[in-house]
1. Alpha carbon centre of the stretch 7-83 versus the stretch 167-200: separation in Å?
2. Please list, or write none, the aspartates and glutamates whose alpha carbon is within less than 20 Å of the alpha carbon of residue 292, excluding same-chain residues fewer than 8 places away.
3. If you keep only loop residues by DSSP, which chymotrypsin sites (Phe, Trp or Tyr not before Pro) in the stretch 48-93 have at most 13 other Cβ atoms within 10 Å of their Cβ?
4. What accessible area per residue, rounded to a whole number of Å², is obtained for the chain using a probe radius of 1.4 Å?
5. For the chain, give the percent of accessible area contributed by carbon and sulfur heavy atoms, probe 1.4 Å, rounded to a whole number.
6. Given the pairs 283/336; 63/94; 75/115; 47/288, which are separated by over 25 angstrom at their Cα positions?
7. Using alpha-carbon positions, what is the distance between the centroids of the stretch 294-332 and the stretch 215-242, in Å?
8. Using the structure shown, list the pairs from 141/258; 2/256; 72/173 with a Cα-Cα distance above 19 Å, or answer none.
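The values are calculated or read from the model by the stated rules, or taken from the named source; none is laboratory data. In this text the structure is predicted, and so the values were computed from the model without any measurement. Cβ placement follows ideal geometry from the backbone for every residue including glycine, while neighbour counts extend to all protein chains displayed. The accessibility values were calculated without ligands, DNA or RNA, using every heavy atom of the protein model including side chains. Shrake-Rupley method; radii C 1.70, N 1.55, O 1.52, S 1.80 Å.
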Amino acid sequence: MKQILVTGGTGYIGSHTTVELQNAGYEVIIVDNLSNSSIEVLDGIEKITGIRPVFEQFDLIEKDKVNAFFTKYPKIMAIIHFAASKAVGESVEKPLLYYRNNLLSLINILEGQIKYGVPNIVFSSSCTVYGQPDILPVTEKTPRKDAESPYGNTKRVNEDILHDTIAANPQIKGIALRYFNPVGAHPSALIGELPLGIPANLIPFVTQTAAGLRSELKVFGDDYDTIDGSAVRDYINVVDLAKAHVVAVNRLIGNKNKAAYEIFNLGTGNGVSVLEIVNTFEKVTGIKLNYKIVPRRAGDIEKIWADTTLANEDLGWKAETGLEETLLSAWLWEKKLRGIN
Ligand code: NAD
Ligand code: WQD
């Protein structure tokens with residue numbers, strides 16, 4: 001069986017991707033330091049797929065441990081590098097923590113990859129690299145803008161590190177996937193997003209409000225130049241997103257890539273406003289959300305959604321799950337977490 005290293009594999013997107021890789025016949029080895037995830041996630045993955053992935057717990061900023069890992073597993077065909085710190089607000093307060101974790105982890109992985117001969121890597125990037133684009137939807141050729149946060153800047157710099165490293169080392173190939181807003185959970189409700197503390201992201205805040213953990217959802221701004229004044233994003237179902245990683249790995253392993261370094265947007269192509277999320281959530285769950293319009297959140301952009309032509313036609317992947325089903329999956333997961341019937 002072909003072995004894939006999934007860094008950050010017990011995290012939100014990594015766990016869903018592990019499920020899809022195992023369903024596709026790959027053997028997954030997870031590396032995670034459990035700084036933002038829990039070991040029980042492995043139970044969920046095992047219940048869904050019948051297979052418990054191999055798990056190695058260590059911190060990727062420790063270079064010796066990364067090298068020891070590659071010595072122990074010499075047959076890895078591809079790396080999917082999810083592991084990173086991802087809280088935008090925290091990154092503004094602790095920039096060095098973000099630069100250290102996100103940059104050093106990738107550098108250690110790439111050095112190990114070259115030293116131990118692992119041919120392929122898929123990197124988790126983000127639509128945050130586009131900032132507020134001048135023209136919508138955004139294509140992969142849309143120029144990147146200065147990052148709004150240290151977190152966003154780590155994605156931009158890491159893309160550059162990957163680009164330059166692949167250019168200098170023809171024996172390795174890579175794909176950067178720019179995710180738009182990943183949401184929802186596995187339909188089994190056995191794995192999902194596990195935000196620590198008060199969620200910063202919209203969907204976990206919505207589901208926690210519906211579950212009674214939060215008294216009120218704050219809608220940040222109703223004076224944007226959008227359909228209803230609230231901000232617009234491209235919400236992509238996490239299982240659809242996970243499947244794109246299997247396609248990317250197949251592409252690299254099968255030598256179907258058209259360049260040594262490629263970039264793809266992963267979104268639905270549809271822009272959805274915050275108030276549309278609220279309305280759709282209420283419709284599919286039958287729960288009335290207590291919400292209040294408050295001023296805009298600092299650092300937020302007005303609107304963004306993906307041009308998915310390249311992902312659809314060249315990568316051969318398309319988002320399939322509708323928003324209603326996705327929001328319902330997020331609610332089923334929240335109910336499962338809180339023991340609500
Ligand atoms: P997550 O926090 O759920 O998963 C990341 C995992 O990496 C966690 O399990 C954490 O414990 C682990 N990790 C972090 N630093 C590590 C280190 N130094 N060594 C070993 N393990 C480490 O996050 P996620 O939402 O699954 O995001 C996965 C990737 O996708 C990240 O790179 C993130 O920046 C990127 N991304 C996420 C979103 C989003 O909205 N969730 C959007 C765009 C891009
Ligand atoms: C979505 C919309 C908020 C919470 C962030 C990162 C980005 C990427 C994805 C990783 C916005 C509004 C939110 C709330 C609200 N991550 N909102 N009330 O800001 O698009 O992107 O996560 O790369 O880099 O910046 O996602 O879920 O925080 O917000 O009204 O309580 O919901 O203003 O318009 P965002 P989000």
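1. Centre-to-centre distance over Cα atoms comes out at 13 Å.
2. Correct list for residue 292: 216, 222, 223, 225, 228, 276, 282, 300, 302.
3. Passing both the DSSP loop test and the Cβ count: no residue.
4. Value for the chain: 43 Å² per residue.
5. Percent of accessible area from carbon and sulfur atoms in the chain: 52.
6. On the way: 283/336 20 Å; 63/94 22 Å; 75/115 13 Å; 47/288 33 Å.
With Cα atoms farther than 25 Å apart: 47/288.
7. If we compute the Cα centre of each part, the gap is 9 Å.
8. As for pairs spanning more than 19 Å Cα to Cα, those are 72/173.
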